[in-house]
């Protein structure tokens, strides 16, 4: 155990988050997402797991150490519901609340069409599969920067 770190973050996830640079993307996926096959195509090349956690719990833990990009509109994205792209399921509302809390203000995630989401995920730095069983619990976060101390 380490002080100051969310105990839900495991060593493999911390390694990947630390290794990511500004603009790199991270996928948080639900249990139905083709996480293993997509993860093999990412920069890291292997699937990371945070089992027994909801997508929101994974997002909270990740966002406790990962800054989100402030220079782009797609700093965070959610997989759109097929046939109802503007619908926000409860799982997505929970992750949006985690994003807002981490940012200290409302910052709406962008919607990403399902197959576009899969393609973007292949270009991510890494994929974390959560234990989320609700549909549409899939998200992409873009890493930002930590400013120098004043």
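What follows draws every value from the coordinates through simple rules; no lab data is involved. No experiment lies behind these values; they were computed from the predicted model shown. So basically every Cβ, Gly included, is an ideal-geometry build from the backbone, and we count neighbours across all protein chains shown.
Remarks
- Rounded if a/c under 1.5, otherwise prolate or oblate - the stretch 14-56, Cα gyration tensor axes: oblate
- With the cut-off at under 11 Å, measuring from each backbone N in the stretch 114-131 to a point 7 Å along the Cα-to-Cβ line of residue 19 picks out 125-127.
- Largest first, the three principal axis extents of the alpha carbons in the chain are 47, 32, 26 Å in whole numbers.
- Computed over the stretch 64-150, the convex hull of the alpha-carbon atoms projects to a mean area of 6.5 nm².
- Across the chain, the relative contact order, built from alpha-carbon pairs under 8 Å that are at least six residues apart, equals 45 percent.
- Simple label model, 7 Å out from Cα along Cβ direction - residue 65 to residue 145, nm: 2.2
- The smallest convex shape that holds all Cα atoms of the stretch 42-95, its convex hull, gives 137 Å³ per residue.
- With a simple spin-label model that places each label point 7 Å from the Cα along the Cα-to-Cβ direction, the separation between residue 134 and residue 52 comes to 2.1 nm.
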